[in-house]
Structure formats: structure tokens, C-alpha cells
1. Amide H of B:Thr101 versus every other amide H placed in the peptide plane: which residues, excluding those fewer than 5 positions away on the same chain, fall under 5 Å?
2. Consider all pairwise Cα distances in the range B:3-58 and report the whole-number % of them above 14 Å.
3. Compute, for the range A:21-116, the length of the dipole vector about the Cα centre, with Cβ point charges of +1 (Lys, Arg) and -1 (Asp, Glu) only. Units Debye, rounded to 20.
4. Of the options A:Gln67, A:Ser48, A:Gln105, report the single residue whose Cα projects farthest towards the positive end of the charge dipole of chain A (beta-carbon charges: Lys, Arg +1; Asp, Glu -1).
5. How much of the DSSP bridge set in chain B is antiparallel, in percent, rounded to the nearest 5?
6. What FRET efficiency, computed as 1/(1 + (r/R0)^6) with R0 = 25 Å and r the Cβ-Cβ distance, is obtained for B:Glu9 and A:Leu83, rounded to the nearest 0.05?
7. Using +1 on the beta carbon of Lys and Arg, -1 on that of Asp and Glu, and nothing else charged, what's the dipole of chain B about the Cα centre, debye to 20?
8. Out of residues 5 or more away from B:Leu108 or on other chains, whose amide H comes under 5 Å of its own, with H placed 1.01 Å from N in the peptide plane?
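Read the figures in this text as sums done on the coordinates, not as results from a lab. Since the structure is predicted, the reported quantities are computational estimates derived from the model, not experimental observations. Ideal geometry is used to build each Cβ from the backbone, glycine not excepted, and the neighbour counts take in all protein chains shown.
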Amino acid sequence: AAGVIQSPRHLIKEKRETATLKCYPIPRHDTVYWYQQGPGQDPQFLISFYEKMQSDKGSIPDRFSAQQFSDYHSELNMSSLELGDSALYFCASSAQTGGASYNEQFFGPGTRLTVL
Amino acid sequence: GQSLEQPSEVTAVEGAIVQINCTYQTSGFYGLSWYQQHDGGAPTFLSYNALDGLEETGRFSSFLSRSDSYGYLLLQELQMKDSASYFCAVRDRRMGRRALTFGSGTRLQVQP
């Protein structure tokens, strides 16, 4: 079965640089989420999109932005990178099907961002 | 506000049963989910409870008491591959209808 695809898997950037992370959700999933997970921490919700429109917003810094395109893939754009942005960034997708509904989110393998 | 509490670490031996508890405070409760995450891996959905009671899926079971704002994940016949972090999660109406808020995670170590 198709899974969530993320690219790149690893990314190394310098402070103050920019980064773009890409996510390709499971086909026919209507919602895409971005989470940030620091070392030893739980995933923190950043932002989500429902049918290509921004849906919910969490603890996303103003330096970050995201969008979902017509083909449903999503990109997380990060500018003025800081050392504290080093983390695993997960994209997840879900659909309104079955009893679990949006509680069952399918996570991609993540992008490990290292800011030096 | 939104908060979930779960133990930080649990250790058990192969073949044993372990229970991971989760208590939550939420501004809007739809249901309690459980996710498993191996080191360096992605969270993987295990179970979801919207109503009181026990849900069983193979070796894993999950329980919810809405009146007590409490749930637990029960892992039976533990195997070495069950060593991972386990997160309880709720949907947080404060952040919207679909976003998940995770607990801090319980690191389960299964010993031979």
C-alpha cells in the first residue's frame, strides 16, 4: 500500500539559511499535517491543510510557512534557520474513513534537519 | 489548556504484560489514540478509543474511561521488537478539529 513520502530524508543547513521540505500524502487522503519532533520529545503539531486550504495552526514559528499544491503535495518552507530548528520533521496524512477518522494519522519517514 | 500525562519509562521482560497509563485534560475530546515509535522511526498508529471500554487488536488492547479522563494501552506477550516509545494522543479543539496533541511518551524497554 502507498505510504506518505517525504523528501529529503536528511538535510544539513547553516544558521540563517532556508530549507524546503516536501511531503506527498497517501492518495485520496484529504488532510496533511506537519509535526516537529526534537530529540527525546513528542511530536509537536505545526500546521495542517484540508483539501489544499490551511486548516489548523499549531506552534509554527513565523519564520516557517507551508502550502499544499493542486496535486496535494505539501511543502514546509523554513527561513532564517536557527540551531533550535534541528529536529525530525514529520508529515502525516489522514482521511475521513472508518471509525478512527482523523485520529488515525499516517506518518511519513520524516526529514532529519540539522542546523549547524 | 491541553495536557497529557504518561510515565516516562517502563521496563518489562519478554512474555510479560505491561500497561501504560495516560491521563488527559482537554478543551475538546473526540477520542484517545495510541502511537508506537521506534528510535529514528515514524509514529505508527496502534489504536483509537472514542467510547468507554476496551478495544482489542491482537496483542495490544486499549481502554478508555471518559468520566475519569483516563486511558491505558495494554501490551501482552511482550516481544523484544515491542521496545519503543508509546505516545497517547488526543485531538485538541483549541488547535483545530484534526490536529493531534501528543503526550510526552513512554519508553518501553523489553528485556530477555
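1. Counting only residues 5 or more places away or on other chains, the set is B:Val90, B:Arg91, B:Asp92.
2. Values: 1061 of 1540 pairs.
Everything past 14 Å amounts to 69 percent.
3. Working: 6 positive and 10 negative charges, 27 e Å.
Its charge dipole is roughly 120 debye.
4. Positive-most Cα among the choices belongs to A:Gln67.
5. Numbers: 37 of 42 bridges.
The answer is about 90 percent antiparallel.
6. On the way: r = 28 Å, r/R0 = 1.11.
Calculated transfer efficiency: 0.35.
7. Working: 9 positive and 11 negative charges, 112 e Å.
I would put it at about 540 debye.
8. It is B:Val10, B:Ala84, B:Ser85, B:Tyr86, by chain and number.
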